[in-house]
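Here the structure comes first, spelled out in C-alpha cells, and everything after it is commentary.
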Amino acid sequence: MFRGRALLAPKPNPELCPGGRVPCAMDWTPTRARGHARLAEFLPAAGSTYAEQRNHDDGPATEGPSNVSMLSPWLHAGLLSEAEVLDTVLAQHSPRAAEKFVAEVFWRIYFKGYLEQRPSIWSGYCEGRDAALAAVERNAGTPMAYAEATEGRTGIAAFDVWVRELVETGYLHNHARMWFASIWIFTLRLDWQLGADFFLRHLIDGDAASNTLSWRWVAGLHTKGKHYLAREDNIARYTSGRERGPLAAAGLARKAEPLHEPADYPRNLPDLPRAITAADLKQPFALLLHDEAAHHAPLALPERPALVIAASRAHARSPGDVGAPAAGFTSGAIAAGMAEAAAEFGCPAVEWRAGEALEPLLAEAGIDRIALPYLPTGWTRDALSPGLGALTEQHRIITLLNDLNRATWPFAKAGFFGVAKQIDALLGECGIGGG
Ligand SMILES: Cc1cc2nc3c(=O)[nH]c(=O)nc-3n(C[C@H](O)[C@H](O)[C@H](O)COP(=O)(O)OP(=O)(O)OC[C@H]3O[C@@H](n4cnc5c(N)ncnc54)[C@H](O)[C@@H]3O)c2cc1C
C-alpha cells in the first residue's frame, strides 16, 4: 500500500503584499483560480487600453483593473498557459485591438525559445554572478555601492522606491524594470549579473529566460551595441499617475557605452519532444509538478496519473537569500497545484524534497514512469535534472511540451522580429483565437 506524505494545504501567504510600508492593492494568491480571476479583471483593458497605457507605471497602490495584466507570476508558475490567456483575450478583442498584448505574451515565449537554443548564456550568467557575489563578499569591487543599491539607499528617489516595491511586493512594472536595470548598469555602474540576481531573488514572476535576456537587452548584450538609457523626464512622465505623483530621478548617466563581452554563445535548438498521446501514457505514471508547471490543467493530459509528485525549488533561484514574496508564491503555487491535482485525479500526492532520491517514491507507489512538464533552461532544470538522470537514461521520462512553445521556439533564433512575423500563423496552427 502506498504511503504518500500528507498533502500540503494551499494557504494564502501573509508575506505577499502584507500591508507594510508599500501599500499594494493586488491579490497575489498563487492559485489557478486567482489567475483566472485576475485575467477576467484585466480582460476589458487588454485591447486599446493596454496598447495606449501599458507604459505607465502607476505603482502598486492602484485599485481595480490596471493598464497591465500582472499575469506574469501565474504564467511563470504554469498556473495559466500562454495559450489560454491569448485565447481568452482574442475571444473578447479583435486581433488588431489586442495586437500589443498578444505581442508581449510572445516576447515571453521568444525569450524562452532563445535561451533554449543558447543554454550557455544561462550557465555563463551563473558563473559571472557567482564571481561577482564572491567579489562583493571579499569586499572587492563595489560592495558599498551594491549594498546601497539593494537596500534602496542610492539617493536616486525613483530607484530607491522601486527597490522597496520589489522587495516588499515581489513585482515591478515592465517600464520600472527597464529603468531600474539601466540605472543599475549605467549610472550606478554595478555588474548587470548582480542586478539580474537581485531581481530573481525578489520577483514573484522571476524567470530565467525573461530576466537574464532582458537584463542583457538593457545592457546592449542581447541586441549587440543597442542599449537602453533611462531618462529623468521619461520616468517623470510615465510615473505621473502614482498616488504620490511622479518619481524623481536626478543625476542619471546621460551618456554611456553599451556593454561588451568576449563570449560568443553557440546556437543549437535541441530536439523538442513531440505531442504526447494517450498511448504514451498507457502504463501507470506519475505526474511531476514543478516551479514552472505547478498545475495539471494547462498540461491537458490525455490520461490520468496514478501519483502526483510535487517538487518546489524556489531557493535554487540564487545562491543568496530569496525574498519572502517570491519563495511564498512558488511554494504556494506548488502546494495548491498538488492538492488540486490529487483531488482531480483521485490519486495520492507526495512531495519530492531537495536532496531526496526520487526513485524510492516511485518504487513505493509501484510506478515506473514519469510525465515531466518540459524543464526549460534555468534553475528549475539545474535543481531537478541531477535527480532525474537515471530515469532519463532508462527512458522512463515522458516529456510534455505545449504546442505553442513547440511551434514558436524554432523561430526564436535571433531578434524578436523572427517570431513577430509568424504570430498570426502560430496562433492559427495552435488553434488560438479561432485562428
Ligand atoms: C530587466 C527586466 C527583467 C525582467 N524579468 C522578468 C522576469 O523575471 N519574469 C518575467 O516574467 N518577465 C520579466 N520581465 C519582462 C516584463 O517586465 C514582465 O513580464 C512584465 O512586466 C510582467 O507584468 P505583466 O504581467 O503585467 O505584463 P503585461 O504587460 O500585462 O504582459 C502580459 C504578459 O506578457 C509577457 N511579457 C510582457 N512584457 C514582456 C517582456 N518585456 N519580456 C517578456 N515577456 C513579457 C509576460 O508574461 C506578461 O505577463 C523583465 C523585464 C525587464 C526589463
Quick note on H93, H260, H290, H222, ordering by fewest other C-beta atoms within 10 Å, gives H260, H222, H93, H290
Sequence order, segment 31-46: Karplus ³J(HN,Hα) from phi using 6.51 cos²θ - 1.76 cosθ + 1.60, θ = phi - 60°, Hz rounded, Gly and Pro as x, gives 10, 5, 4, 5, x, 5, 5, 5, 4, 5, 4, 7, 3, x, 8, 6
Longest principal axis of the chain (C-alpha) makes with the long axis of helix 208-219 (C-alpha) an angle, in degrees to the nearest 10, of 20 degrees
The long-range amide H neighbours of E351, using H built 1.01 Å from N in the peptide plane and a cut-off of under 5 Å, are R5, A310
DSSP beta bridges in the chain: the antiparallel percent, rounded to 5, is 5 percent
Scoring only Lys, Arg, Asp and Glu (+1, +1, -1, -1) among other residues with Cβ under 13 Å from the Cβ of F411 yields +2
S123 and T223 label points (each 7 Å along its Cα→Cβ direction) are spaced in nm at 3.0 nm
Relative to the compact-globule estimate 2.2 N^0.38 Å (N residues), the Cα gyration radius of segment 342-435 stands at a ratio of 1.44
So the FRET efficiency between D264 and R164, C-beta based with R0 = 22 Å and rounded to 0.05, is 0.05
Residues meeting the amide H criterion for L307 (H placed from the backbone, H to H distance under 5 Å, 5 or more places apart or on another chain) are F285, L287
From the Cα centre of segment 350-365 to that of segment 39-106, the distance in Å is 38 Å
Quick calc: nm separation of the 7 Å Cα→Cβ label points for D424 and E364 -> 5.5 nm
Between the Cα axis of helix 157-169 and the main Cα principal axis of the chain, the angle (0 to 90°, nearest 10) is 20 degrees
Ranked by GNM mean-square fluctuation in the chain (Cα springs under 10 Å), the top entry among P44, P262, P143 is P262
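Between A275 and R231, what length comes free when the chain is fully extended (0.36 nm per residue of separation minus the Cα-Cα distance, one decimal in nm)?
Values: separation 44, 0.36 × 44 = 15.84 nm, distance 4.64 nm.
Computed gain between A275 and R231 is 11.2 nm.
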Rounded to whole angstrom, the alpha-carbon centroid of segment 147-172 lies from that of segment 395-416 at a distance of 35 Å
Of R108, R244, R304, the most mobile residue in a GNM of the chain (C-alpha springs, cutoff 10 Å) is R244
Computed over the chain: longest principal axis from alpha-carbon atoms vs helix 324-345 long axis, angle to nearest 10 degrees, is 20 degrees
Per GNM of the chain with C-alpha springs under 10 angstrom, the most fluctuating residue out of G155, G35, G195 is G155
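No value in this document is a laboratory result; all are computed from the given coordinates. None of the values given here were measured: they were computed from a predicted structure. Using ideal geometry, Cβ is built from the backbone for each residue, glycine included, and neighbour counts are taken over all protein chains shown.
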